[in-house]
Amino acid sequence: MAQVNLLLVSLLFLTLCLHSCPTYAQLSHHHYKNSCPNVENIVREAVKKKFHQTFTTVPATLRLFFHDCFVQGCDGSILVSSTPHNRAERDHPDNLSLAGDGFDTVIKAKKAVDAVPLCRNKVSCADILAMATRDVITLAGGPYYEVELGRFDGLRSKDSDVNGRLPEPGFNLNQLNTLFKHNGLTQTEMIALSGAHTIGFSHCNKFSNRVYNFKTQTRVDPTLDLHYASKLKSMCPRNVDPRVAIDMDPITPHAFDNVYFKNLQKGKGLFTSDQVLFTDSRSKAAVNAFASSNKIFRANFVAAMTKLGRVGVKNSHNGNIRTDCSVI
């Protein structure tokens, strides 16, 4: 109990930095104060319109931001389309499952921003993605937070850069920590960001090994709740249509909350990389802390998202402002 209380204090301390620590390099909450003062409202309205068309906008945009930042930094390189002479990040096998609604959200927001003469070609695609990500989180009931702005768009997008840069469903805690540490993120921040799995969906082939081919006599991962495992089998029978997808959070799939962590306590983490956060003693205390308080989870998620948004930021020397987000 003392360990959990100590962790709660340290997690709360982490969130205080959001209000007192300096922002990263050229990033600022008021970067477009003169060049496009209403940019956040413009993006928010475009995102809201897309959100009302389909809820998939939320997980699709959020996942797009993660996949962008983990490869070459938060520079909009995931948005670039391939050409006959260059295979871009978005066409790497690990990115083919990115839902089109995420890309469409950024395209629509960029179009809305550039429709304002004062703002045209002044706001980077990387910043639009960062703002849109914050907005979909808020629309799903998650926390609102100030987004640091001032990123430039990257000048490179190659599928080979994706290799080994994204977390996989079968990762253990060591593998997760190594990958996140590469991006300057701690284990606690990794666990907080994993809470994004409170929304979204996954195709059956990403976790089917846990219910059909696990290395036990029953062929089912013993860390899975038995009733949940049976439910997964019924929704994802053998040789299921590869397009079939199920919710990451079986309890509140359309709400950005801390139920994800409560699910882990009950053996209802969909991926191995989800459930290991609770089964590994090194991360269990943080899961319990986030499960016990939605307020603490939200505050730490915001702190981790802010830190993630600083990864690999480009400037005017190694980036630019794209007129078309899909073209360098």
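The values are calculated or read from the model by the stated rules, or taken from the named source; none is laboratory data. Values in this document were obtained by computation on a predicted structure and should not be read as measured data. Cβ atoms come from the backbone with ideal geometry, glycine included; neighbour counts cover every protein chain shown. Remember, those area values only see protein heavy atoms, side chains included, never the ligands or the DNA or RNA. Shrake-Rupley method; radii C 1.70, N 1.55, O 1.52, S 1.80 Å.
Brief remarks on what is shown
- Members of the stretch 32-41 found to be surrounded by fewer than 21 Cβ atoms within 10 Å (Cβ to Cβ), touching a residue at least 60 places away in the same chain (Cβ under 8 Å) and in a helix (DSSP H, G or I), listed by number: Glu40
- Residue in the stretch 224-232 that is part of a loop (DSSP other than H, G, I, E, B), surrounded by fewer than 18 Cβ atoms within 10 Å (Cβ to Cβ) and not small (Gly, Ala, Ser) present: yes
- Only one of Gly195, Gly200 that is at pLDDT below 95 and within 19 Å of Leu308 (Cβ to Cβ): Gly200
- Count of residues meeting criterion [of a type in the set (S, T, N, Q) and open to solvent by 10 Å² or more (accessible area, probe 1.4 Å)] in the stretch 107-153: 2
- Residues (over 18 Å from Ile199 (Cα atoms), assigned to a helix (DSSP H, G or I) and open to solvent by 60 Å² or more (accessible area, probe 1.4 Å)) located in the stretch 236-286: Thr279, Ser281, Arg282, Lys284
- Residues in the stretch 49-59 that are open to solvent by 10 Å² or more (accessible area, probe 1.4 Å) and either under 13 Å from the mean Cα position of the chain (by Cα) or modelled with pLDDT under 95 (or both): 1 in all.
- Exactly one residue out of Phe201, Phe214, Phe207, Phe171 is touching a residue at least 12 places away in the same chain (Cβ under 8 Å) and in contact with an Asp or Glu (Cβ under 8 Å, 6 or more places away or on another chain): that is Phe201.
- The lone exception for Phe214 - which of (1) at pLDDT below 95; (2) within 17 Å of the chain's Cα centre (by Cα) it fails: (2)
- Contact annotation: no residue pair with Cβ atoms under 9 Å, 6 or more positions apart or on different chains, pairs a residue in the stretch 302-324 that is at positive phi with a partner that is open to solvent by 60 Å² or more (accessible area, probe 1.4 Å) and of a type in the set (D, E, K, R).
- Qualifying residue in the stretch 52-73 (condition: within 24 Å of Asn121 (Cα to Cα), free of Cβ contacts under 8 Å to residues at least 40 places away in the same chain and polar (S, T, N, Q)): no
- Condition met for Asp91 (surrounded by fewer than 19 Cβ atoms within 10 Å (Cβ to Cβ) and touching a residue at least 24 places away in the same chain (Cβ under 8 Å)): yes
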